[in-house]
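Reviewing the structure listed below.
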Amino acid sequence: MLYNRMGRSGLRLSELSLGSWITFGRQTDLAATRAILRRAFEAGINFFDTAEGYAAGAAESLMGEALKDFRRSDLVVSTKIFHGGAGPNDTGLSWKHVIEGTHASLERLRLDYVDILFCHRPDPHTPIEETVRAMDVLVRQGKTFYWGTSEWSAEQIAEALRIARECNAAPPTVEQPQYNLLWRQRLEREYEPLFERHGLGTTTWSPLASGLLTGKYEAGIPKGSRLDLIEWLRATRTEDNLRKAGAVAALARELSCTPGQLSIAWCLKNPRVSTVLLGVSRREQLEENLGALSVKERLVPSVMAELDRICPVREA
Ligand SMILES: NC(=O)c1ccc[n+]([C@@H]2O[C@H](COP(=O)([O-])OP(=O)(O)OC[C@H]3O[C@@H](n4cnc5c(N)ncnc54)[C@H](OP(=O)(O)O)[C@@H]3O)[C@@H](O)[C@H]2O)c1
């Protein structure tokens, strides 16, 4: 396992990392969560991601319980603030919710600090300056070492960087965007100036497009699978996406790997990606997905070109 620097920061993240959306606290109990985390750690994964909104806080609680077994300084833990609950001040990025939400997350995680704190979405109802100042307070208090954004536009990130510079506040150093063969344009096009100018890091999510790129949805929606559980995600099972997933699967057969391994390895090849966040509902999936590390070297230029042909970047 390689350990990449998170953009221009000094923090080192394993090239594969593990998240908890939909899985921990919904598809896994404590014993399964423990087994998955331990196997991930033993394979060299040092970065674990969660959010206050995942399984209404249960993902953080389970992860916190399972991470107790490890030495804190061996771990990089992130959580994300935005979707904290139903009350008027339980969501968004106001000073109040950023601080209160972070305190509640740390309590569920049983941690004194996280390594990275993300703003889970942009908040159109809060001035960016208010959020930057609240994040700065949390950094200065040692509640987080780094802070970042998730699915903010390049313009919003640039604005946060400008404000931080002007206020002498801690700047955002990392973004958490979706990135996979079916969803390329934001990372490969929109964020490019931020990489060049600011050395932004990225912890990318959904390398398998929620499982579509494993080919498991070709013939229908298997019972208990993510698309079975989450109704709104079924809209991603379009004819076009199934056709692309089918072509990726055919190429994977030629390369003697699984379509999921090929898709994850493709994300790993992009130098703008600091770490690829995996999601697994079962340990066997983790086992298979870790195999992407050895598949990476099979992605020679002709294979990359073929993947570009199958899944071109959608230009805005
Ligand atoms: N910042 C954000 O807004 C955001 C959004 C989404 C995710 N994330 C983070 O990124 C992490 C990864 O994203 P993701 O979970 O969407 O990743 P993903 O790799 O696109 O999807 C993971 C899901 O695909 C299925 N799967 C995984 N490996 C498989 C295999 N080998 N064979 C068959 N099915 C397999 C499993 O679902 P089933 O077994 O249930 O079918 C698994 O839970 C999340 O856990 C979360 O921490 C962040």
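Between exposed trypsin sites (Lys or Arg not before Pro) in the chain, where DSSP calls loop and at most 15 other Cβ atoms lie within 10 Å, what's the longest gap? If you can, show how the numbers build up before the last one.
Working: sites that count: Arg8, Lys68, Arg71, Arg110, Lys223, Lys269, Arg282, Arg314.
Here the longest segment lacking exposed loop sites spans 111-222.
Nearest 20 debye, what's the magnitude of the dipole of the range 175-316 about its Cα centre given +1 on Lys and Arg Cβ and -1 on Asp and Glu Cβ? Intermediate results must be reported in sequence, preceding the final value.
Working: 20 positive and 18 negative charges, 34 e Å.
Once rounded to the nearest 20, the dipole reads 160 debye.
Mean residue ellipticity at 222 nm from the helices of the chain, using -39,500 (n - 2.57) per DSSP H segment of n ≥ 4 over the full residue count, to the nearest 500 deg cm²/dmol? Walk me through the numbers before you get to the answer.
On the way: 12 runs with 124 residues, N = 316.
Value at 222 nm, helices only, nearest 500: -11500 deg cm²/dmol.
For the pair Glu297 and Glu129, what calculated FRET efficiency results from E = 1/(1 + (r/R0)^6), where r is the Cβ-Cβ distance and R0 = 41 Å, to the nearest 0.05? Walk me through the numbers on the way to the answer.
Values: r = 46 Å, r/R0 = 1.12.
According to the calculation, E is roughly 0.35.
Rounded to two decimals, what ratio of Rg to Rh does the range 199-316 give with C-alpha atoms and a Kirkwood Rh? Kindly include the intermediate steps, with their values, before the conclusion.
Numbers: Rg = 14.1 Å, Rh = 14.9 Å.
Ratio value, two decimals: 0.95.
Magnitude of the Cβ-charge dipole of the chain, K/R +1 and D/E -1, about the Cα centre, nearest 20 debye? It would help to have the intermediate numbers written out before the result.
On the way: 40 positive and 40 negative charges, 111 e Å.
I would put it at about 540 debye.
Which lysines have a Cα lying under 22 Å from the Cα of Lys96, excluding residues fewer than 8 positions away in the same chain?
Straight-distance partners of Lys96: Lys80, Lys143.
Under 5 Å between amide hydrogens, which residues at least 5 positions from Thr202 or on another chain qualify, with H placed 1.01 Å from N in the peptide plane?
It is Gly7, Glu175, Ser274, Thr275, by chain and number.
Across the chain, what fraction of all alpha-carbon pairs, as a whole percent, falls in each successive 10 Å bin from zero upward?
Reading the bins upward from 0: 6, 27, 36, 24, 7, 0.
Would you pull out the residues with amide H under 5 Å of Phe118's amide H, same chain only if 5 or more places away, H placed 1.01 Å from N?
Amide H neighbours of Phe118, under 5 Å, 5+ apart: Thr79, Lys80, Ile81, Gly148.
Putting +1 on Lys and Arg Cβ atoms and -1 on Asp and Glu Cβ atoms, find which of Thr131, Thr149, Gly260 reaches farthest to the positive end of the dipole of the chain.
Gly260
For the range 81-151 and the range 169-232, what is the separation of their C-alpha centers, rounded to whole Å?
Between the Cα centre of the range 81-151 and that of the range 169-232, the gap is 21 Å.
Taking square-rooted eigenvalues a ≥ b ≥ c of the alpha carbon gyration tensor, is the range 1-115 rounded, prolate or oblate, where a/c under 1.5 means rounded and, failing that, a/b exceeding b/c means prolate?
On the way: a/c = 2.07, a/b = 1.34, b/c = 1.54.
Here the range 1-115 falls in the oblate category.
If you put +1 on each Lys and Arg Cβ and -1 on each Asp and Glu Cβ, how big is the dipole of the range 196-267 around its Cα centre, in Debye rounded to 20?
Details: 9 positive and 7 negative charges, 20 e Å.
In debye, rounded to 20, the range 196-267 gives about 100.
Every read-out reported here was derived from the displayed coordinates using simple, explicitly stated rules and does not represent laboratory data. Please read all numbers here as calculations on a predicted model, not as lab measurements. Note that we place each Cβ from the backbone using ideal geometry, even for glycine, and neighbour counts take in every protein chain shown.
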